[in-house]
Amino acid sequence: MSGKYEAVIGLEVHVELNTKSKIFCSCPTEFGKEPNTQVCPVCLGLPGVLPVLNEEAVRKAVQAALALNCEITSYAKFDRKNYFYPDLPKAYQISQYDLPLARNGWIELSGGKRIGIRRVHLEEDAGKLVHQGDITSAAFSFADYNRCGVPLIEIVSEPDIRDPEEARDYLTRLKGILQHIGVSDCRMEEGSLRVDANVSVRPVGSREFGTRTELKNIGSFRAVYRGLSYEIERQSKLLDRGEPVIQETRHWDEQNGVTRSLRGKEEAQDYRYFPEPDLVPLQLDPDWVEEIRRTLPELPEARKARFVREYGLPEYDADVLVSSPPIANFYEECVRLFGEPKTVSNWVMGELFRLLNDSGMEPEELKLRPSELVSLLKMTREGVVSGKIAKDVFEQMFRTGEDPESIVKKHNLVQISDKSALEPLVLQVIAENPKVVDDYKSGKKQAFAFLVGQVMKATKGRANPAVVNELLHKRLD
Amino acid sequence: MILELWQLTVHELSQLLLRKEVSATELLESVWGRIEEVEDQVKSYITLDPEGARAAAAESQRLLESGRPRSALEGIPCGLKDVLSTKGLRTTCGSKILSNYVPPYDATAVQALKEAGTVILGKTNMDEFAMGSSCENSGFFPTHNPWDLTRVPGGSSGGSASAVAAGEAMFTLGSDTGGSVRQPASLCGVVGMKPTYGAVSRYGLIAFASSLDQIGPLTRDVTDCAMVLDFIVKHDPMDSTSVEIKRGSYLEALRPADEAVKGLKIGVPKEYMGKGLEPGVEAQVKKALELLQELGAEVEECSLPHSSYALDAYYVIAPAEASSNLARYDGVRYGYRSKQYDDLIDMYRKTRAEGFGPEVKRRIMLGTYALSAGYYDAYYLKAQKVRTLIREDFDKVFAKFDVIAGPTSPTVAFKLGEKVDDPLAMYLSDIFTIPVNLAGLPGISVPCGFSEGLPVGLQFIGKAFDESTLLRVAYATEQACSLGNMAVLCARALAKGTKEGARG
């Protein structure tokens, strides 16, 4: 963006609630089962069936709404959203229109800015189509209704987000909150968290909104960032050229890094919402809501404060660690087993994050157990392996899932602290580097480090540096 | 006169079966013989299930013989309107679009009847998706009124009414969205009840208009109606609109005529006795009310001032809900699919164009329009407001009266073809029954006399969940009017009609 324009972004996030059964029937919600094995007449929308609301779905939706600082609507209702599509067996989705479950919440970003949440509503998920080939040219498609009727909450933000970085921050925090309270696993790759973004640009200082486009097919938080950046750039260029932005839905093409118009022309969709006559209005007992509020699990902000207080961590470390509940849980378990909160934090934020990043793995996919990292940390503390070797061992643990003891044993990585074993090497290094020895003796202190390094090299890093230091000093001083 | 088994009532047959004077298989063969005799003329059934029925009757007989009947309905042959889902038995809803649809589950009401030990004969004809008042909108063929084969049986539960009248079933279940049980009951001279909304589970009832639909029995007399109702009025966790009510047995609530109506306050809405009412119907209704008065009832005029708006409100709300309920028939998963199409949208269009009949299409169009952006407030929302006013009309009357009485239908059975090209005239056939659905109240139609040799029905409307009072007053009416054995009378008329038909 040239600086002339400012972006206005609103996000619509769909999150699958991790209830055992679906929202209107008792079918299981498990992901990844054989197609059409988690279905019954109700979720298949066969003639004559009726929905019955799953109380657990309401409870989890209320938990989420409360954690997002929303007001719970005392009289909510369900509505039918009518449209034809083969993944929607009733040809309407039971959703909430004018009286959603919750309203007026917010999420606080890193810098303290609050992003408003307009509404949180409860609805049912649709099935999934598997196209034979490309969507535009597929000769036929398979329909899998396993996902049909899985409870969803839709979280609609206010258009308070001003750049892609804020969008990413908002989503990271939202995901952290929902994972912390345990209402969803929020796996974007499995579709349990899905993001649509509305974005427009306007001249800096303008109060009016520009024409917005809606971005779909966003597969990751990184794609949200990239897609929004592309779209803001595209719209800004259009405005620069004096061309209008067309209100439309655009598909994010991850491979080519561009957005594409999904339909030739935006069809004015009329969903013909009307109150769902098969369900009674949702009147939540205020005492029940209060009970949920009281028993809400610890939220990220509170956990962060506790990390600072209990573990003496810097604010920054605490913030990073709590941003992902699997990481925060991993960290706390390590500290419980090992102590030394700052050492553990350095390992998690340094080595673990680097490896996760390199492998493109999500924290929730982490297979490494806290006890395994702790074994390695203990071996380091006890001098069994050097700090440098420990990092290599950790990388192997991460990649292969082997425990540190067997890695160290297999690759003969135990630290050498035995003076009688190191002495000959020290003597050899001194003999082979007379010039460096002279330098050191004439006062060049840094020459000493070179000699230590040579010994380390000769032992492939296994020599205990403290012992090598001691032996060198004895011979040279 | 020796009566055939099919000419008896459920409560009479129940006694005979329990006392082992008649076997369930004998009874089935009697009814089956009657079906074979008259079905070609009457055409009550879309699907008959001889094998299923014979197996069920054999099982009933085994249990009766071993002294372990499941209920008083053990071995009673019955028919089900083809709007009710029956596991393994084709359920078409009177539509070509479901002509090959076999449900994998039973409706709750069907399950209740199966558990009670009834013998299901088959699925009765109806107006497509229960939209119509003459059974002429069936996607397959029209049903004929057994009292006069040139006339309609009423609708939409026309086949359910004609089957009971002609002796092709001991009782049937129908569904009533705007009068679809009561109006055909009236036109065929049988008893038909629409219970309070929420009394009978709608689970498995193929939806027409969800906020109005209710399953109800069609029977030979009021005692049978009470008996069947006792089995189907039950809270069902599968239906969120089903209501948990404390109630005693409806059958045991019946009282001798004078005891039942003594001091009972009956309101007769002046709006139901005016314009458009056939003089013959009016006379029979008035005569019946006089008989009730003689038995000690207090009959007085009352007013339901918003009645004239009921039809308009109904023809917004019912089609609106229908447009959504019927959207699932898209050719994707089950039912009819067009043979030739270019793409998905074309498949939807052709499947629905070929699969639905004109009345269904008309209502889908009406409903879609009423729910569209920009029209919603003017139509749907306004209609809901009218609905509230109509409900309030009833509340006011019920503050003063115990029941409301009037004609079920403004006319006796009309000629086949007479109103098919005039939907508005057809819609007027339900003018007295529709307000009851809009208010969610119970209503019953009971035969009270004849006009031009055709049966006339008297409708009683009750307070919500006060089915017992309705049954008592209907029972008293039945006793007071003493029309005789309607099955015998109807059989006589049918035999005459068949002979004339053969001559003509």
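Are any of the residues in the stretch B:369-381 within 23 Å of the chain's Cα centre (by Cα) and modelled with pLDDT of 95 or more? Among the residues of the stretch B:369-381, not one is within 23 Å of the chain's Cα centre (by Cα) and modelled with pLDDT of 95 or more, which makes the answer no.
Take residue A:143 and decide whether it is within 14 Å of chain B (Cβ to nearest Cβ), in a loop (DSSP other than H, G, I, E, B), surrounded by fewer than 24 Cβ atoms within 10 Å (Cβ to Cβ) and not hydroxyl-bearing (Ser, Thr, Tyr). For residue A:143, the condition - within 14 Å of chain B (Cβ to nearest Cβ), in a loop (DSSP other than H, G, I, E, B), surrounded by fewer than 24 Cβ atoms within 10 Å (Cβ to Cβ) and not hydroxyl-bearing (Ser, Thr, Tyr) - is not met. Of the residues making up the stretch B:266-292, those that are assigned to a helix (DSSP H, G or I) and among the charged types (D, E, K, R) are B:270, B:271, B:282, B:286, B:287, B:290. For residue B:198, the criteria (1) crowded, with 24+ Cβ neighbours inside 10 Å; (2) within 14 Å of chain A (Cβ to nearest Cβ) hold in every case but one, which is (1).
Let's see how each residue does on (1) farther than 18 Å from residue B:218 by Cα; (2) among the β-branched types (Val, Ile, Thr); (3) touching a helix residue (DSSP H, G or I) at 6+ places or on another chain (Cβ under 7 Å):
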| position | (1), (2), (3) |
| --- | --- |
| B:45 | no, no, yes |
| B:53 | yes, no, yes |
| B:63 | yes, no, no |
| B:66 | yes, no, no |
| B:72 | no, no, yes |
| B:102 | yes, yes, no |
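A count restricted to the stretch B:95-132 and to residues that are within 12 Å of another protein chain (Cβ to nearest Cβ), in a loop (DSSP other than H, G, I, E, B) and touching an Asp or Glu at 6+ places or on another chain (Cβ under 6 Å) stands at 1.
Within the stretch B:237-254, the set of residues being surrounded by 11 or more Cβ atoms within 10 Å (Cβ to Cβ), more than 14 Å from chain A (Cβ to nearest Cβ) and in contact (Cβ under 8 Å) with a residue 24 or more places away in the chain comprises B:245, B:247, B:250, B:251, B:253, B:254.
Which residues, taken from the stretch A:222-246, are in a loop (DSSP other than H, G, I, E, B) and either touching a residue at least 40 places away in the same chain (Cβ under 8 Å) or buried (at least 18 other Cβ atoms within 10 Å of the Cβ) (or both)? Hit for the stretch A:222-246 is A:245, nothing else. Every condition in (1) surrounded by fewer than 24 Cβ atoms within 10 Å (Cβ to Cβ); (2) closer than 18 Å to residue B:159 by Cβ; (3) free of Cβ contacts under 8 Å to residues at least 60 places away in the same chain holds for residue B:101 except the one numbered (3).
Is there a residue being within 14 Å of chain A (Cβ to nearest Cβ) and modelled with pLDDT of 95 or more anywhere in the stretch B:392-411?
Taking the stretch B:392-411 as the starting set, the residues that turn out to be within 14 Å of chain A (Cβ to nearest Cβ) are none.
For the stretch B:392-411, residues within 14 Å of chain A (Cβ to nearest Cβ) and modelled with pLDDT of 95 or more: absent.
Somewhere in the stretch A:28-39, is a residue part of a loop (DSSP other than H, G, I, E, B), within 28 Å of residue A:172 (Cα to Cα), touching a Gly at 6+ places or on another chain (Cβ under 9 Å) and more than 14 Å from chain B (Cβ to nearest Cβ)? Yes, the stretch A:28-39 has at least one match.
Residues checked against (1) surrounded by fewer than 18 Cβ atoms within 10 Å (Cβ to Cβ); (2) within 22 Å of residue A:158 (Cβ to Cβ); (3) touching a Leu at 6+ places or on another chain (Cβ under 8 Å); (4) not assigned by TED's automatic domain parsing to the domain that holds residue A:248:
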| position | (1), (2), (3), (4) |
| --- | --- |
| A:182 | yes, no, no, no |
| A:187 | yes, no, yes, no |
| A:190 | yes, no, no, no |
| A:194 | no, yes, no, no |
| A:197 | no, yes, yes, no |
| A:201 | no, yes, yes, no |
| A:207 | yes, yes, no, no |
| A:210 | no, yes, yes, no |
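Considering only residues in the stretch A:174-208 that are in a loop (DSSP other than H, G, I, E, B) and among the β-branched types (Val, Ile, Thr), the one that is farthest from residue A:323 (Cα to Cα) turns out to be A:204.
Residue-by-condition table, conditions (1) among the polar types (S, T, N, Q); (2) in contact (Cβ under 8 Å) with a residue 12 or more places away in the chain:
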residue: A:255; (1), (2): yes, no
residue: A:272; (1), (2): no, yes
residue: A:275; (1), (2): no, yes
residue: A:289; (1), (2): no, yes
residue: A:314; (1), (2): no, no
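Being away from chain A (no Cβ under 11 Å), in a helix (DSSP H, G or I) and modelled with pLDDT of 95 or more is a description that applies to residue B:310. Looking at the stretch A:56-130, the strands (runs of 3 or more DSSP E) lying wholly inside it that each contain 3 or more residues that are more than 14 Å from chain B (Cβ to nearest Cβ) sit at A:102-108, A:114-124. Filter the stretch B:327-350 down to residues that are facing chain A (nearest Cβ under 9 Å), closer than 18 Å to residue A:129 by Cβ and part of a loop (DSSP other than H, G, I, E, B), then give me how many there are. Final tally of qualifying residues: 4.
With respect to (1) crowded, with 20+ Cβ neighbours inside 10 Å; (2) touching a strand residue (DSSP E or B) at 6+ places or on another chain (Cβ under 7 Å), the lone exception for residue B:47 is condition (1). Considering only residues in the stretch B:314-326 that are more than 7 Å from every other protein chain (Cβ to nearest Cβ) and of a type outside the set (Ser, Thr, Tyr), the one that is farthest from residue B:439 (Cα to Cα) turns out to be B:326.
The values are calculated or read from the model by the stated rules, or taken from the named source; none is laboratory data. None of the values given here were measured: they were computed from a predicted structure. Every residue, glycine among them, receives a Cβ derived from its backbone with ideal geometry; neighbour counts consider all protein chains shown.
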